[in-house]
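Report on the structure given below.
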Amino acid sequence: MDTDSLVRPNIRMLKPYHSARQDFLSGILLDANENSFGSTLPGVTPPLNRYPDPSQQALRSRLSELNGVPAGNIFVGVGSDEVIDILIRVFCEPERDSVLLLEPTYGMYRVAASVQNANILSCLLTEDFQIDVPAAKKAFNASVKIIFCCSPNNPTANLLRTEDILDLCTLNSIVVVDEAYFDFAGTPSLAVQIEKHPNLVVMRTLSKAWGLAGVRLGFCFAAQNIIAYMMKVKAPYNINALTGAAAFTALGNVRLMQTTLDRILDERRWLAGQIAVLPRVRKVYPSDANFLLVRCTGAADIYSALAEKNIIVRNRSTEPLLDNCLRITVGTHEENEALVNTWKEIIG
Ligand SMILES: *Cc1c(COP(=O)(O)O)cnc(C)c1O
């Protein structure tokens, strides 16, 4: 498959900005009009008066070691948000090209596509929240440049079947698999499949299992030509020095990540059992993520009543297939107990 032909012609031709720090990261640096006297935040490591590495070599090689994917197959962005945005800007010509969404799913795909003025085609998941492959293939046409698959899916909490995702990879389109919740599923990543599938992009983030939502770091794995297009389109210094250093250090704390991950999984089990027997709960869906999808009777009222008691969950009821569904993040044991106890008190 020739994925170059899926790229917008102007991006294929684009001559990217050439930044000073691309050539030299050390020496007597008089090339970038930085302030050699230092920053106005003295004592901060790394020193902030210098522009950061535009190609994030240290960070990408650490991500490479951790994930068994070569650094040349990794793109790093300001959260998955930036990765999604750049993918759409690389592949979707405004007004002409489309993205295909498998809904209900993460809302950012639709927003980012709308910002680019790309068309949005949508196809529903099945009743058990899997890809309806025949329906997706029927919805597909030559204008579709990206198919977004979220696995485990937000807000339905389940993994999508790998064979269905790979089936979509036979279509002439980029297939993005958003693995934001991958760590909570305990199954192999699709990252290894990028070698066999030149149109597959696998997205990750440090916002969930790594506990770094405030740092804003997302990344993706893909064929080298796709990574090269993304690098051309991104802002030269998209990952700032503080974010880069924080992410690099945190990625050395694999065991700490694993410890909190295990605690979240314990809490997920406990919370699912507790919620299942609460009044007006009809179903707690199985979860491969760090949240639970809960079908209730009168979800909107429950949502408001909880919010009045300062317990904030997400009401997903207006989305297709999610009538009367709340999405509840697994918190600490104290937070989960507060949710369960408050629910028992105020919901009859
Ligand atoms: C939370 C989440 C992300 C993370 O986005 P960041 O911009 O990296 O914080 C990505 N995808 C999905 C489906 C999510 O739910």
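Each reported figure results from applying straightforward, stated rules to the coordinates on display, with no laboratory input. Since this is a predicted model, take the numbers as computed values, not measurements. Virtual Cβ from ideal backbone geometry, glycine too; neighbours counted across all protein chains shown.
For region 132-146, backbone phi angles converted through the Karplus equation (6.51, -1.76, 1.60; θ = phi - 60°) give residue-by-residue couplings of 8, 4, x, 5, 5, 5, 5, 6, 5, 8, 5, 7, 6, 9, 9 Hz, Gly and Pro being listed as x. Across region 39-55, coupling constants 3J(HN,Hα) worked out from phi with the 6.51/-1.76/1.60 Karplus curve, θ = phi - 60°, read 8, 8, 10, x, x, 8, 10, x, x, 9, 6, 9, 5, x, 4, x, 10 Hz, and Gly and Pro carry x.
The residue among 18, 315, 193 whose Cα reaches farthest toward the positive pole of the charge dipole of the chain, with charges on the beta-carbon of Lys, Arg, Asp and Glu, is 18. Place +1 on the Cβ of every Lys and Arg and -1 on the Cβ of every Asp and Glu in region 17-126, take the dipole about the Cα centre, and give the residue among 115, 79, 42 whose Cα lies farthest towards its positive end. Farthest along the dipole direction, towards plus: 42.
List the chymotrypsin sites (Phe, Trp or Tyr not before Pro) within region 1-103 that fall in a DSSP loop (any state other than H, G, I, E or B) and whose Cβ has at most 14 other Cβ atoms within 10 Å.
Numbers: sites: 17, 24, 37, 75, 91; in loops: 17, 24, 37.
In loop regions of region 1-103 (DSSP not H, G, I, E or B), the sparsely surrounded chymotrypsin sites (Phe, Trp or Tyr not before Pro) are 17, 24, 37.
Of interest is the spacing of the C-alpha centroids, which for region 202-242 and region 247-300 amounts to 25 Å. Charging the Cβ of each Asp and Glu at -1 and of each Lys and Arg at +1, and nothing else, the dipole of region 255-346 about its Cα centre rounds to 220 debye.
Based on the alpha-carbon gyration tensor of region 148-281 and its eigenvalue square roots a ≥ b ≥ c, which shape applies: rounded if a/c is under 1.5, prolate if not and a/b is larger than b/c, or oblate? Oblate is the answer for region 148-281, as a/c is 1.5 or above yet b/c matches or exceeds a/b.
For residue 150, the residues whose modelled amide H falls within less than 5 Å of its own, excluding neighbours fewer than 5 places apart on the same chain, are 178. Would you work out if the chain is rounded, prolate or oblate? Take a ≥ b ≥ c from the square roots of the eigenvalues of the alpha-carbon gyration tensor; rounded if a/c is under 1.5, else prolate when a/b is larger than b/c, oblate otherwise. Because a/c hits 1.5 or more and a/b fails to exceed b/c, the chain counts as oblate. Less than 5 angstrom separates the built amide H of residue 283 from those of 295, all sequence-distant by 5 or more or on a different chain. Extension gain, residue 30 to residue 228, is 68.5 nm, computed as 0.36 nm per intervening residue step minus the present C-alpha separation. For the chain, the longest principal axis of the Cα atoms and the long axis of helix 241-250 meet at an angle of about 60 degrees. For residue 161, the residues whose modelled amide H falls within less than 5 Å of its own, excluding neighbours fewer than 5 places apart on the same chain, are 131. Positive end of the dipole of region 174-277 (Cβ unit charges, origin at the Cα centre): among 260, 211, 275, the Cα lying farthest that way belongs to 211. Multiplying the residue separation of residue 263 and residue 96 by 0.36 nm and subtracting their alpha-carbon distance yields 55.4 nm. Relative to the Cα centre, the charge distribution of the chain, modelled as +1 at Lys and Arg Cβ and -1 at Asp and Glu Cβ, gives a dipole magnitude of about 220 debye. When the listed pairs 283/309; 138/208; 138/196; 145/232; 15/145; 196/232 are checked against a 29 Å cut-off, the alpha-carbon distance exceeds it for 138/208.
Restricting to the chain, what percent of DSSP beta bridges are antiparallel, rounded to 5?
50 percent
Considering only alpha-carbon pairs that sit under 8 angstrom and 6 or more positions apart, the relative contact order computed for the chain is 17 percent.
Here the 3J(HN,Hα) profile of region 332-347, calculated from phi with Karplus coefficients 6.51, -1.76 and 1.60 at θ = phi - 60°, is 6, 4, 5, 5, 5, 5, 4, 4, 5, 5, 5, 4, 4, 5, 9, 9 Hz, Gly and Pro shown as x.
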